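Novice: Encoded as structure tokens, here's the structure I'll be asking about.
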Amino acid sequence: MIRLRPALVFAPLLLCGFAFLSAQAGPDSPAFLGYRDFAAEQAKIDQQFLSIPDAKLAGEELKTLTAQPHVAATPEDYKTAEYVASKFKEAGLETSIVPYKAWLNMPKEVSVEAWNADGKLLMKGPVPEHVDGNDSFQNDPRVLPAFNGSSPSGDVTGEVVYANYCRPDDFNKLSGMGIDFRGKIVLCRYGSNFRGVKVYVAEQHGAAGVLIYSDPADDGYYRGDMYPHGPYRPATAVQRGSVQYLFRYPGDALTPGFASRPDVPADKLLKPEQAGNMPKIPSEPLSYHDAAPILEALGGPDAPREWQGALPFTYHVGPGAKVHLVLKMDYQYRTIWDVIGSVDGTTFPDEWVIAGNHRDAWAYGAVDPNSGTAAMLEAVHGVGALLKQGWKPRRRIVFCSWDAEEEGLIGSTEWAEDHASQLAHAVAYFNTDVGVSGPNFEAAAVPSLKEFVRDIAKQVPSPKGGSVYDVWKRSQAEQASRQKGPVEEHSAGTNAAIGNDVRVGDLGSGSDYTPFIQHLGVPSTDVGSGGPYGVYHSVFDNFAWFVMNADPTFVYEQEMARVFGLEVINMADADVLPYDYVTYGKEIAAYLDAAQKKGQQAGLLGLDFASAEQATQRFITLSEQVRQKQQHLDDDSTASLASLNIQLRQVEGDFLSAAGLPNRPWFKHTIYAPGEYTGYAAVVIPGVNEAIDAKDLSRAQEQMKVLTDAINRADGTLEAIAK
Ligand SMILES: [Zn+2]
């Protein structure tokens, strides 16, 4: 029989710091789905695992990984691949360095010059990133000048328009003020959306080029002390980044939907000008040191009040400044390297459990991504210790160190496309990217794994005392009370639907879970530990900054290694896959509710939600029956567990539609996608919601049918399980 997992009551007091755990158990403790014999077996394995990840070692690993800048496809990047591979092998994983090709740009020449209306030179840059003080990382000649991945080369001159965050609404507001963007250079500030979306919207409005700068209001002195006196962005620090249209498709621009293996025939590649995920206009990131003189020179109407940042003058939208932007990019089909380490499963060998983190960085990448890599290496260390003691996972475990995430999730996307048939029955993908930038645990997950993430967090001790879950819950409550209201939802108001437990976010995009969940339907989670972090994608995201601001003693590295590794081993060993479809159903119901209200406001009165709602109600009812079955099996033979698990996994697969989303067929999931106009943030039931946003009734009806069909397919699977 499948027994409920009485949360943590078994945790032995072997390890110092674990005494708090027994306080977790009680009548309110949620049942942990998935184990028939947790007490005897899994608790012991979990405790053995938790004792291994080591703070000091994580610190040493982080120092090694970040000793040199290691942009994807460089010799220094390959060195980090070899280092990670050696750690995987040391742990006993079957390890290989797997190359793919990617159409990548590196800057040959970057120049920005600006003049005021009288022709007086305002700035000539960009200036190198520099702070006074003893940051020993900043003068390394191997650090590339700041640039945008996927930007074309260009030589453009134009009047500057300030467009705030460059959201569609910002452009609409400016259009309403009579501003014509054709031939202009649009000055955007970072924040609110993905930088690729800023360029995408500017391109649609006919702009000639885009400059994106970091305003001190968003991550600089307005927030707190600047590095090297604190964690925030100093004047010359630039946020590099990809402007790939990853909401169209991520990965190598020339091979959408299939893997860019080194032997891919040239006639299968798109021509660069055919690539659907590359901007047509040049763009360049700037520090506020370089952007301020341009912005200050702008005349014309005052910017709307909420567009004012923290620079010490009143912002205007322009005209008043002219910019000459020259970008010479060296585009080549370059080799990148994923590192893949696996161990076979004994009982369910075809059900892969995958865990990944990217390794490449825009410069040193102490926080992004190598705090995650160090945590992954310590998780691998823990798994290795279990293997050496004779433990064998019941499912195949695959650890992945991705390359070229920064340029557009390339290493993960190519590998996922390469293994699409095996991944059709992979049971989970666990991601961490920014593993640690501070002490605040954060998680996002597909709804079926939100409960799983909370349960894992309950098992891991926090350096602050209590469990990670306790501290997480407290900090969310404090945040909510500071905001004098419930925590804002990014998506539809789902808290109401799922009760008052800790909020686990929805998966949008901007990291390597995207190909797994949104292209292939592999249930996914993303975890990390956050804090004040103003040096994102700059040269100052380095080991010195990390030790000063994020995690001086690496105890949060240890915490993340424990969370990440425990996700893997618990999923690998679960008898019954611990998917919570009740929550999934309730979330879909909440998304439909919110979409219906939005549709009415948009005047799409003919849009009929009834069939989708009925299918969802049925989903909820059936998933309650399925949950009973997950907890109380009549037949727990391996054969019967195997067929149950295949069906449970099928439910997520049922949410994929073969045709994908309108105009972006690579995105196949009907419940989650990155927003076409948000980029990072999730758009829920994207086909329907984006059609409503476009006020396109016939597309909305069509997409409603696609969604309803998907939910009905899932209902069919749930019904077969419940029988
Ligand atoms: Zn990253």
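Novice: Answer with yes or no whether Pro665 is over 21 Å from Thr717 (Cβ atoms) and surrounded by fewer than 18 Cβ atoms within 10 Å (Cβ to Cβ).
Specialist: yes
Residue-by-condition table, conditions (1) modelled with pLDDT of 95 or more; (2) over 24 Å from Val380 (Cβ atoms):
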position: Ser22; (1), (2): no, yes
position: Gln42; (1), (2): no, no
position: Gln68; (1), (2): yes, no
position: Ala72; (1), (2): yes, no
position: Ala102; (1), (2): yes, yes
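Novice: Give segment 65-84 a look and list any residue that's over 15 Å from Asn542 (Cα atoms), in contact (Cβ under 8 Å) with a residue 12 or more places away in the chain and in a helix (DSSP H, G or I), or say none.
Specialist: Of everything in segment 65-84, those that are over 15 Å from Asn542 (Cα atoms), in contact (Cβ under 8 Å) with a residue 12 or more places away in the chain and in a helix (DSSP H, G or I) turn out to be Glu76, Asp77, Tyr78, Thr80, Ala81, Glu82, Tyr83, Val84.
Novice: Suppose we keep only residues that are hydroxyl-bearing (Ser, Thr, Tyr) and over 14 Å from the mean Cα position of the chain (by Cα) within segment 396-425. Which one would you say is farthest from the ligand (Cβ to nearest atom)? Show your work before the answer.
Specialist: Step one: filter segment 396-425 for residues hydroxyl-bearing (Ser, Thr, Tyr), giving 401, 412-413, 421.
From what is left, the residues that are over 14 Å from the mean Cα position of the chain (by Cα) are 401, 421.
Details: Ser401: 12, Ser421: 28 Å.
It comes out as Ser421.
Novice: So which residues in segment 538-561 are hydroxyl-bearing (Ser, Thr, Tyr) and either out of contact with any Pro (no Cβ under 7 Å at 6 or more places or on another chain) or not in a helix (DSSP H, G or I) (or both)?
Specialist: Those that are hydroxyl-bearing (Ser, Thr, Tyr) and either out of contact with any Pro (no Cβ under 7 Å at 6 or more places or on another chain) or not in a helix (DSSP H, G or I) (or both): Ser538, Thr553.
Novice: Inspect segment 106-119 for any residue being under 26 Å from the mean Cα position of the chain (by Cα) and closer than 30 Å to Thr64 by Cβ and give the result as yes or no.
Specialist: Scanning segment 106-119, I find at least one residue that is under 26 Å from the mean Cα position of the chain (by Cα) and closer than 30 Å to Thr64 by Cβ, so the answer is yes.
Novice: If the Cβ limit is 6 Å and pairs must be 6+ apart or interchain, which residue in segment 277-304 that is in a helix (DSSP H, G or I) pairs with which residue that is polar (S, T, N, Q)?
Specialist: Partner pairs satisfying both residue conditions: Tyr288/Ser214; His289/Thr236; Ala297/Asn116.
Novice: Under the condition of being in contact with an Asp or Glu (Cβ under 8 Å, 6 or more places away or on another chain) and part of a helix (DSSP H, G or I), which residue from segment 574-593 is surrounded by the fewest Cβ atoms within 10 Å (Cβ to Cβ)?
Specialist: Ala589
Novice: Given the conditions (1) at pLDDT below 85; (2) in a helix (DSSP H, G or I); (3) closer than 17 Å to Thr583 by Cβ, report the number of the one that Asn500 does not fulfil.
Specialist: Going through the list (1) at pLDDT below 85; (2) in a helix (DSSP H, G or I); (3) closer than 17 Å to Thr583 by Cβ, Asn500 breaks only (2).
Novice: Against the condition modelled with pLDDT of 95 or more, hydrophobic (A, V, I, L, M, F, W, C), surrounded by fewer than 22 Cβ atoms within 10 Å (Cβ to Cβ) and away from the ligand (no atom under 16 Å from the Cβ), how does Ala445 come out, does it pass?
Specialist: When the stated conditions are applied, Ala445 does not pass them.
Novice: Looking at segment 358-378, can you tell me whether even one residue there is in contact with an Asp or Glu (Cβ under 8 Å, 6 or more places away or on another chain), part of a strand (DSSP E or B) and touching a residue at least 60 places away in the same chain (Cβ under 8 Å)?
Specialist: yes
Novice: Checking the condition surrounded by fewer than 18 Cβ atoms within 10 Å (Cβ to Cβ), out of contact with any strand residue (DSSP E or B) (no Cβ under 8 Å at 6 or more places or on another chain) and of a type outside the set (Gly, Ala, Ser), which residue from Pro53, Pro69, Pro75 passes?
Specialist: Answer to the selection: Pro75.
Novice: Of all the helices (runs of 4 or more DSSP H) wholly in segment 379-492, which have at least 3 residues that are of a type in the set (D, E, K, R) and closer than 24 Å to Phe348 by Cβ?
Specialist: By residue number, 450-459.
Novice: Has segment 332-339 got any residue that is within 16 Å of the ligand (Cβ to nearest atom) and either over 22 Å from His419 (Cβ atoms) or at pLDDT below 95 (or both)?
Specialist: no
Every residue, every condition in (1) out of contact with any Leu (no Cβ under 6 Å at 6 or more places or on another chain); (2) surrounded by 24 or more Cβ atoms within 10 Å (Cβ to Cβ); (3) closer than 30 Å to Phe399 by Cα; (4) of a type outside the set (D, E, K, R), yes or no:
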{"position": "Ser260", "(1), (2), (3), (4)": "yes, yes, yes, yes"}
{"position": "Val264", "(1), (2), (3), (4)": "yes, no, yes, yes"}
{"position": "Ser287", "(1), (2), (3), (4)": "yes, yes, no, yes"}
{"position": "Leu311", "(1), (2), (3), (4)": "yes, no, no, yes"}
{"position": "Gly356", "(1), (2), (3), (4)": "yes, yes, yes, yes"}
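Novice: I need the full set of residues from segment 613-645 which are among the aliphatic types (A, V, I, L, M), in a helix (DSSP H, G or I) and crowded, with 17+ Cβ neighbours inside 10 Å, in order please.
Specialist: Scanning segment 613-645 gives Ala615, Ile620, Leu622, Val626, Leu641, Leu644.
Novice: Can you tell me which residue is farthest from the chain's Cα centre (by Cα) among those in segment 674-701 that are without any contact (Cβ under 8 Å) to a residue 24 or more places away in the chain and over 24 Å from Gly510 (Cα atoms)?
Specialist: If we take residues in segment 674-701 being without any contact (Cβ under 8 Å) to a residue 24 or more places away in the chain and over 24 Å from Gly510 (Cα atoms), then Ser698 is farthest from the chain's Cα centre (by Cα).
Conditions tested, residue by residue: (1) within 16 Å of the ligand (Cβ to nearest atom); (2) farther than 30 Å from Phe619 by Cβ.
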residue: Gly356; (1), (2): yes, no
residue: Asn370; (1), (2): yes, yes
residue: Lys392; (1), (2): no, yes
residue: Val427; (1), (2): no, no
residue: Phe430; (1), (2): yes, no
residue: Gly438; (1), (2): yes, yes
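Novice: Here's a follow-up. Any residue in segment 311-319 that is under 30 Å from Asp360 (Cβ atoms) and not aliphatic (A, V, I, L, M)?
Specialist: Start the filter on segment 311-319 by keeping residues that are under 30 Å from Asp360 (Cβ atoms), which leaves none.
No, every residue in segment 311-319 fails to be under 30 Å from Asp360 (Cβ atoms) and not aliphatic (A, V, I, L, M).
Novice: Could I ask something else about it? Let me spell it out: the conditions are (1) crowded, with 24+ Cβ neighbours inside 10 Å; (2) under 17 Å from the mean Cα position of the chain (by Cα); (3) more than 30 Å from Tyr288 (Cα to Cα), and Val568 meets all of them except one. Which number is the exception?
Specialist: (2)
Novice: Here is a follow-up. Can you run down the residue pairs with Cβ atoms below 8 Å, 6 or more apart or on separate chains, where the first is in segment 659-672 and more than 20 Å from Phe258 (Cβ to Cβ) and the partner is polar (S, T, N, Q)?
Specialist: Pro662/Gln703; Thr670/Ser657; Tyr672/Gln518
Novice: Something else about it: In segment 146-238, which helices (runs of 4 or more DSSP H) lie fully inside it and hold 2 or more residues that are within 22 Å of Pro107 (Cβ to Cβ)?
Specialist: Because the criterion is at least 2 residues that are within 22 Å of Pro107 (Cβ to Cβ), the helices (runs of 4 or more DSSP H) in segment 146-238 that meet it are 195-204.
The values are calculated or read from the model by the stated rules, or taken from the named source; none is laboratory data. Keep in mind that this is a model prediction, so the values were computed, not measured. As a convention, Cβ positions derive from the backbone with ideal geometry for all residues, glycine included, and neighbour counts pool all protein chains shown.
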